[in-house]
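Participant: Would you mind keeping the following structure in view while I ask a few things?
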Amino acid sequence: MVHRPNPYADVPSLYDLYVQASAPTQRTERFGADIFRHGAVNADVLPMDLPVGPDYVLGPGDSLSIDLWGGLSQRLFRNVDREGRLLLPEAGPLLVSGKSLGEVQDAVQRVLRTQFRDVSADVSLLKLRTVRVYVVGEVTAPGAYDISSLSTPLNALFAAGGITARGSLRRLEHYRGKQLLEEVDAYDLLLHGIRGDVKRLENGDSLRVPPLETSVAIDGMVRRPALYELRSEKNLNEVLELAGGILPAAALSHIEVQRLTAHEKRSMLSLEIGEGSDKDALRAAFEKFQVQDGDEIHIYPIAPYNTGAIYLEGHVLRPGGIPTARA
């Protein structure tokens with residue numbers, strides 16, 4: 001059997017009683033901070049070569065490739081000029097700014113057929129335009145950034161180096177002028193891998209990262225120990241879902257919660273759950289316990305030994321555990 005220097009490491013109460021010192025604790029990391037920190041190291045590796053569908057809205061600076069066949073066989077390369085126009089052979093300029101790629105393809109084919117007989121056209125995007133957006137608030141490097149026209153607020157957040165320790169990941173405010181278009185919750189991407197219907201950024205848009213409001217730290221026997229920002233989560237069950245759930249080795253008979261009462265005191269709470277409770281009873285108990293801003297939740301592991309066994313070591317033939325009762 002392996003002997004550890006500290007025999008009370010798994011029993012913090014005994015450690016405090018006999019060693020007269022607080023158990024060493026590791027700082028709980030902020031959930032989501034690492035992915036932005038690692039992803040912002042090199043902006044060139046961010047996935048921006050995404051396929052462009054027919055709903056992509058064209059604007060000044062986009063480069064197009066126009067393939068013609070039928071009555072005329074030719075490939076044209078055209079840029080959308082500052083006035084939002086596309087210059088076509090024999091037909092002159094065509095206003096395309098603000099129209100989707102599918103609409104422009106139909107318009108190009110319709111206009112060219114007035115000049116050429118039985119011509120068909122295919123319009124594809126050759127090079128994306130860049131847009132200038134402003135990222136402000138609690139970000140590592142606030143300022144103006146030139147990014148791809150396919151970018152969303154999450155891409156702009158990567159470009160600005162991610163959030164600071166005081167920034168919110170769940171209320172990213174996307175402004176167009178003075179109008180608040182949407183509030184983006186980055187947890188949808190970080191936890192579920194979905195972006196939802198996040199709007200794309202346009203030239204002159206602003207992304208504001210407000211300060212962090214409500215957060216809860218949870219560590220111990222959960223799948224993702226971290227400091228979590230709360231938005232609509234109110235009870236312990238919802239916080240445990242953010243943390244990925246409880247591990248099988250968790251001792252649910254006693255859950256410790258350190259609570260900070262603002263400007264008053266810090267107190268210790270415990271959630272007592274009877275042994276052998278089924279899943280429904282556990283869920284009801286967790287939903288009943290309301291969490292507050294600043295709570296530190298710790299779930300202890302079960303004892304590393306079997307209470308129904310006797311352990312032998314030393315000069316014996318087979319060292320180890322012997323059950324006290326047989327099934």
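Only the coordinates and a few stated rules stand behind these numbers; no lab work does. Bear in mind that the values here come from a model prediction, so they are computed numbers and not experimental data. Note that each Cβ is placed from the backbone with ideal geometry, even for glycine, and that neighbours are counted across all protein chains shown.
Participant: Take the alpha carbon gyration tensor of the stretch 54-212, find the square roots of its eigenvalues, order them as a ≥ b ≥ c, and report rounded if a/c is under 1.5; if not, report prolate when a/b exceeds b/c, else oblate.
Facilitator: Verdict is prolate for the stretch 54-212.
Participant: Another question, then. Hey, which of these cross-link pairs are over 26 Å Cα-Cα: K199/K234; K178/K234; K99/K178?
Facilitator: In this structure, K199/K234; K178/K234 exceed 26 Å between Cα atoms.
Participant: Which FRET efficiency value, to the nearest 0.05, is calculated for H315 and A141 with the Förster distance at 56 angstrom and r the Cβ-Cβ distance?
Facilitator: 0.30
Participant: Calculated FRET efficiency, N203 and S232, Cβ-Cβ r, R0 35 Å, to nearest 0.05?
Facilitator: Result of the calculation: an efficiency of 0.60.
Participant: Subtracting the Cα-Cα distance from 0.36 nm times the residue separation, let me have the gained length for R82 to R110 in nm, one decimal.
Facilitator: Extra length from R82 to R110 when fully extended: 7.8 nm.
Participant: Can you tell me which aspartates and glutamates have their Cα less than 17 Å from the Cα of K279? Leave out same-chain residues fewer than eight positions away.
Facilitator: Counting by Cα, and skipping residues close in sequence, K279 has these aspartates and glutamates nearby: E238, E241, E287.
Participant: Something else now. For Q258 and E272 in the same chain, what is the full-extension length gain: residue separation times 0.36 nm, less their Cα-Cα distance, in nm?
Facilitator: 3.6 nm
Participant: Continuing with this model, one more query. Starting from the Cα gyration tensor of the stretch 103-166, take the square roots of the eigenvalues, sort them a ≥ b ≥ c, and report rounded, prolate or oblate (rounded when a/c is under 1.5, otherwise prolate if a/b is larger than b/c, else oblate).
Facilitator: prolate
Participant: Now for a different question. Looking at the stretch 186-232, which GluC sites (Glu not before Pro) are DSSP coil and have at most 11 other C-beta atoms within 10 Å of their C-beta?
Facilitator: Listed in order of number, the matching sites amount to none.
Participant: Can you tell me how the stretch 159-291 classifies by the Cα gyration tensor, rounded, prolate or oblate, using a/c under 1.5 as the rounded cut?
Facilitator: prolate
Participant: Can you list the aspartates and glutamates whose alpha carbon is less than 20 Å from that of K265, not counting same-chain residues fewer than 8 positions off?
Facilitator: Correct list for K265: E213, E256, D293, D295, E296.
Participant: Could you list the trypsin sites (Lys or Arg not before Pro) in the stretch 87-196 that lie in coil according to DSSP, counting only those with at most 11 other Cβ atoms within 10 Å of their Cβ?
Facilitator: The qualifying sites are R117, R166, K178.
Participant: Roughly how many whole Å is it from the C-alpha centroid of the stretch 70-120 to that of the stretch 183-227?
Facilitator: Taking the Cα centre of the stretch 183-227 as reference, the centre of the stretch 70-120 is 42 Å away.
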